Each structure stands twice: as structure tokens, then as C-alpha cells.
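The values are calculated or read from the model by the stated rules, or taken from the named source; none is laboratory data. Keep in mind the model is a prediction, meaning the values are calculated, not measured. Note that each Cβ is placed from the backbone with ideal geometry, even for glycine, and that neighbours are counted across all protein chains shown.
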Amino acid sequence: MPQQILAAVLNSAPGKLILESLTLDDPGPDEVLIDVHFAGLCRTDLHEMEGVWPTTYPTVLGHEASGVVRQVGERVSSFRAGDHVVTCFTAFCGECRFCISGRMSLCINRDELRRRSQPVLTNAAGQPVHPMAGLGAFAEAMVVHQHSVVRIPDSMPLAAASVLGCAVVTGVSAVFRSARVEPGASVAVLGCGGVGIAAIQGARLAGAAQIIAVDTNASRLVDAVKFGATHTVQAGSVDTVEAVRDLTGGGVDYSFEAIGFSSTVEQAFAMLGPAGTATVLGMVPDSQPVTIRASELFAMEKRLQGTVMGGNQFPTDIPRYVSFYEQGKLLLDEMLSDVIDLQGINGGFELMGSGGLTRVLVDVVGSVQSLREGVT
Ligand SMILES: [Zn+2]
Ligand SMILES: [Zn+2]
């Protein structure tokens, strides 16, 4: 039976999220119905609220979530009611040439997987509501394709687990899968928000000898050291490229751009030493062209590459990151800077925009409970 759920809806951009009651359809044969427990606020959501990245309106944002499975479709055999799960942005078909070569974050059938005979969400006016990335986590519950879900142990705290689905899988997988950082290498990370902090932790796990955190915000740099940075550079007060070159004796082996500006992509490339690799994780808008010295591509064998969600293989990667967490090697609780209610979600995005925070989480179950109690 389709059900009524509370969700934070973006009706147009630039705009704010509005709490609305929506109709959520039953799961189809390959889908899973999940009660959302925690959902992280990501810069990608903010980009859509600001209208920097256009989307289909109205929409339910949110793509970094943890929750509990309530119901599964008839073709779903890997999950059952009661399973604790994390969702991921990059659903995969498992059959296309990218999936079978292990590059499932590039799956070409993703849109096909999300196609349904009727909308998954409908508003009070009967209008279809688009769930971001086939997820839509700023909601009490969501119906998603089974290939965008991964099971986690019941012992894993759901708050800490939620950041695995975007920030952590992007930042850590970029280090292991996209850049393939080797022990002893030097690494610079530009931008110390959620994804940047995850990349710093990935570099530490990979055994990088030098991990240079770069950010304009001094308090973020203090935090970066707690997560594994060995050096910090405060952008804006010094020439970032020169500072990294000085620290590394001529240029860094690997740089990661985790902000999404053309200027920081250019810096990430310029600060590389010979044979260095710059990996772009940030979403640079098409209106910002990137200029690099192309002679350095052949004369110095520098590389500039991008990665979507860290080039992850999330059904494999997320259980590994859970193990790292359980062993105390991957700090997740420390990444949670604030836990807010669904009704205060716009304030959470303002906090994020002001900088200085790693990850703001929405406690969805707690908020819905208190809202319902307020109603009765
Ligand atoms: Zn995200
Ligand atoms: Zn595929």
C-alpha cells in the first residue's frame, strides 16, 4: 500500500527545503523500502538548492543515508526486512562493460535501473516528485533500487554509517581506486570538508608519508591534523602551490581537489612533481573552464584525472571501511560535527555554507517522532 511520508522538498532553485507530506509508492520487484535513520548534508545538495546544478523539480534531495530495510521487492534476495543498510549514489546494473570491468560508478544503465512505470513519490497536488540520484534521503522513508544499497553490521552505529555513502566512499576510494596512492608517497588534499577529510584518512590508511591539508579555514586545518594530515597550508595567506612545492622538495606525488573550483583544480595540477597525479573529486561547474600548462603533461608526465564518487565499488568498499572503523583506523564519529532535526535542515545548510564543519547529519527518525508527537 502506498504510504504518506514526511520529506524535505525543493520546489524550485535557488530555494529552501519545505517539509511536505508525500505519497511513497510500494517497492517494485528490484526495489527496497528503507526507513531512513540518518542523512548527511552534502555540498552536492547545496549546489542543487542554489541552482548551480539544475535538476528536475520538485525534488527530494539527500543521497548519503543509513537506515533499516522494512520491505523488499519479489526479485530481491540479498536484503530482508530488518537489515541495516547504507545507500549509495551510484546504482549499478552489474552487466554493462563498465560494471563487469569493476568501474560500476560509471554504469551506463543507471537511468534505466531507476525507470519505473509510475512515480515513486507524488506530492499533495498529484505531481511526481524526483528523488535525487534515485534516493531522496531527506525523507522518512525511501524506495530505492537494490543495487544502490549495501548491508552493514547491526553493531555499526547508524549515525557514523551514514557518512560512508558519499563523503567517505568518495574520498577514501579516490585514494585507493582512482589515484592508487602507494606507501611512502606525498599527498596534498585541497579542501577539508567531508570529502577532503575522507581523502586525508584514505592517504593515511594507504601509508602516505606526507599528507598536506590545504584550506582557507584555519579551524578545518586544525581538524585535518586529527584525521591524519602531517602538514597544513592555509590558502589565501600564502601561495598554495609554492607552499606545497617547498614542503615536498619540488612537487607532490598525488593531489586531490575536493572543493569544485577551476582555480583549485589548476593549483592541484601545478603543485605536482614529475609523474604526479592530480585527481578532481569536486564538481566544477561547466561555466568555469580549467587552464593548465599542457607542456607539463608530456615533459613532466603529470596527469590530471577526475573521478565520480571515488571510482568506488561500493558493495566491496563499504564493508572494508566498516572494518577500518571497527578497528579504530577510520574516524567516522569524529567527522560528525552536528546532528540536526529535519525541520531545521535549511539551518544545517547555512552552517555548512559558513564553513568550519565536516559533516552535518539529520536525525530523521528522531525528527519524525517528535513531529508526530507534536501533532497528536
Ligand atoms: Zn554527496
Ligand atoms: Zn552497469
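Here are some notes:
- Among the candidates Ser105, Ser78, Ser101, the residue that is surrounded by fewer than 24 Cβ atoms within 10 Å (Cβ to Cβ), of a type in the set (Ser, Thr, Tyr) and over 25 Å from Met1 (Cβ atoms) is uniquely Ser101.
- Failed criterion for Gly193 (all others in (1) at positive phi; (2) within 14 Å of ligand 1 (Cβ to nearest atom); (3) of a type outside the set (A, V, I, L, M, F, W, C) hold): (1)
- Looking across region 103-141, just one residue is farther than 24 Å from Val169 by Cα and within 16 Å of ligand 2 (Cβ to nearest atom), and that is Arg115.
- Ser148 vs. criteria away from ligand 2 (no atom under 16 Å from the Cβ) and of a type in the set (Gly, Ala, Ser): no
- Members of region 190-238 found to be touching a Lys or Arg at 6+ places or on another chain (Cβ under 7 Å) and surrounded by 19 or more Cβ atoms within 10 Å (Cβ to Cβ), listed by number: Cys192, Gly193, Gly194, Ile211, Gly228
- Residue in region 111-126 that is more than 25 Å from Arg303 (Cα to Cα), at pLDDT 95 or above and within 16 Å of ligand 1 (Cβ to nearest atom) present: no
- In summary, Met142 fulfils each of the numbered conditions (1) more than 23 Å from Ser367 (Cβ to Cβ); (2) surrounded by 17 or more Cβ atoms within 10 Å (Cβ to Cβ); (3) in contact (Cβ under 8 Å) with a residue 24 or more places away in the chain with the single exception of condition (1).
- Criterion applied to Ala65, Ala141 was being in contact with a strand residue (DSSP E or B) (Cβ under 7 Å, 6 or more places away or on another chain) and more than 17 Å from Gln3 (Cα to Cα), and the one residue passing it is Ala65.
- Those strands (runs of 3 or more DSSP E) of region 260-376 in which 3 or more residues are among the hydrophobic types (A, V, I, L, M, F, W, C) and under 27 Å from Gln210 (Cβ atoms) occupy 272-280.
- Matching residues in region 215-232 - criterion: being in contact (Cβ under 8 Å) with a residue 40 or more places away in the chain and not polar (S, T, N, Q): Arg220, Asp223, Lys226, Phe227, Ala229
- Count - residues of region 283-304 that are under 18 Å from Thr240 (Cβ atoms) and either free of Cβ contacts under 8 Å to residues at least 24 places away in the same chain or surrounded by fewer than 22 Cβ atoms within 10 Å (Cβ to Cβ) (or both): 8
- For region 133-141, the condition of being closer than 18 Å to Gln71 by Cα, in contact with a Phe, Trp or Tyr (Cβ under 8 Å, 6 or more places away or on another chain), within 16 Å of ligand 1 (Cβ to nearest atom) and in the same structural domain as Gly40 (by TED's automatic domain parsing) holds for at least one residue.
- Summed over region 240-259, the residues that are charged (D, E, K, R), outside any strand (DSSP E or B) and touching a strand residue (DSSP E or B) at 6+ places or on another chain (Cβ under 9 Å) give a count of 1.
- Those residues of region 71-109 which are under 21 Å from Arg151 (Cβ atoms), without any contact (Cβ under 8 Å) to a residue 24 or more places away in the chain and either in contact with a His (Cβ under 8 Å, 6 or more places away or on another chain) or basic (Lys, Arg) (or both), in sequence order: Arg80
- For Ile318, the criteria (1) in contact with a helix residue (DSSP H, G or I) (Cβ under 6 Å, 6 or more places away or on another chain); (2) closer than 30 Å to Arg245 by Cβ hold in every case but one, which is (2).
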